[in-house]
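Everything on this sheet refers to the single structure shown next.
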Amino acid sequence: MGFDIRRLDIYRKVPKDLTQPTLTGATISICTCMFIFFLLISELSSFLTTDISSHLYVDDPQSGDKVPVLISVELPKMKCEYIGLDIQDSMGRHEVGFVDNTDKVPINDGEGCIFTSSFKVNKVPGNFHVSTHGSREQPLKPDMTHIIKELRIGDRFQAPNTEAAAFNALEGQSTVEKNGLSSHDYVMKIVPTVYETIDGDTKYMYQYTHAYKDYIAYGHGQRVMPAIWFRYELTPITVKYTEERKPFYHFITMVTKNTISSSLCVSF
C-alpha cells in the first residue's frame, strides 16, 4: 500500500457530526465578527485619511523674482480720495500712489474707506505702506487708525491641517484705539512655503510673523503725516508640506493580518 501524504496534515478537519454548536461559541463568533468588522472600518478610515509631512530646506521654491501680495485695510476715519499705496525696496524701486488692481469702497457716509490692492514685490527687503503721500491734497485731520481685513502673500489657498493663521497673521489687527495721528509700523519675517496636494498640484504660499509699534511721524515743515507701514524680509528657509496616503497594499496587508489573527485567536 502506498504512502498517503495526507498523514502529514497537522490541521486535520474534524468531522461535522462530531461537533456541537453552543451558546458560548455563538457569542464568541458574533463578537469576533464584530471585532473584525471594527478593524476593517478602522483600517479603511486610516487608508482614506491624508497625512501631511513637512520638512525644511534652503532654496527658492518659486521661479521668478516677484511675489504676489493682497492687502485689504479698513480705515474708518480716512476718506478714500486721500488714500494710496507706496512700494519701496532695496533694489531701488519706489512707487508712490500705486493704482493698478486697487479698489476703494467708501464707508461711514464717505468718511471712511476700505482699501484693497493686489500687487507684486521683489524678493528683496523692502516695504509697502498705505498713506496719503500720493494725494495732491492732504487731509486737514489725518487719521490712519485701521483694521486689517486681510494681508496674504503668495497663492490664496487654505492648506488643510496647517496653521491657517500663519498665512494671514495680521487678519483682524485693530488700532482704532490708538492716536489718530500715529503711524503704524509692522515688521514682517516672511517664510516661503510650498504645499503639494495628493493630486500633484503645487501651491506657493508665504507664512509670516510680525512685530508692531506706533509713533508720531513728522514730514516737511513739521507736519504730521501718518501712514501704515509693512516692512518685510524673506527668510532663506523654505517649508514644504506634502500630502501623503498609505499605499493600497498596506491596507490589504493590515486587513488580512487582522482577520487571520482574530480567527486564530478564537479557534484556539
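Before moving on, here are some points about what is shown:
- Residue identified as touching a His at 6+ places or on another chain (Cβ under 6 Å) and among the aliphatic types (A, V, I, L, M) among Val130, Val96: Val96
- Inspection of segment 150-172 finds no residue satisfying the criterion of being at pLDDT 90 or above and in contact with a helix residue (DSSP H, G or I) (Cβ under 6 Å, 6 or more places away or on another chain).
- Asp51 open to solvent by 30 Å² or more (accessible area, probe 1.4 Å) and at positive phi: no
- Test: residue in segment 111-129 that is of a type in the set (Asp, Glu) and within 28 Å of the chain's Cα centre (by Cα): no
- Yes/no for Met91 being open to solvent by 80 Å² or more (accessible area, probe 1.4 Å), over 30 Å from Pro247 (Cα atoms) and in a loop (DSSP other than H, G, I, E, B): yes
- When Phe119, Phe115 are checked against the criterion of being open to solvent by less than 80 Å² (accessible area, probe 1.4 Å) and under 19 Å from Pro226 (Cα atoms), Phe115 stands alone in meeting it.
- Picking from residues in segment 97-107 that are open to solvent by less than 80 Å² (accessible area, probe 1.4 Å) and at pLDDT below 90, the one that is nearest to Val124 (Cα to Cα) is Phe98.
- Residue tally, condition open to solvent by 80 Å² or more (accessible area, probe 1.4 Å) and in contact (Cβ under 8 Å) with a residue 24 or more places away in the chain, over segment 29-47: 1
- Each residue in segment 191-222 was checked for being free of Cβ contacts under 8 Å to residues at least 24 places away in the same chain and either among the charged types (D, E, K, R) or within 27 Å of Met91 (Cα to Cα) (or both), and 5 pass.
- Among (1) more than 18 Å from Ala227 (Cα to Cα); (2) surrounded by fewer than 19 Cβ atoms within 10 Å (Cβ to Cβ); (3) polar (S, T, N, Q); (4) in contact (Cβ under 8 Å) with a residue 12 or more places away in the chain, the one test that Asn168 misses: (2)
The values are calculated or read from the model by the stated rules, or taken from the named source; none is laboratory data. The model shown is predicted, which means the values in this text are computed figures rather than measured ones. Cβ coordinates were reconstructed from backbone atoms using ideal geometry, including for glycine residues, and neighbour counts include every protein chain displayed. Ligands, DNA and RNA are excluded from the accessible area calculation, which covers all protein heavy atoms including side chains. Shrake-Rupley method; radii C 1.70, N 1.55, O 1.52, S 1.80 Å.
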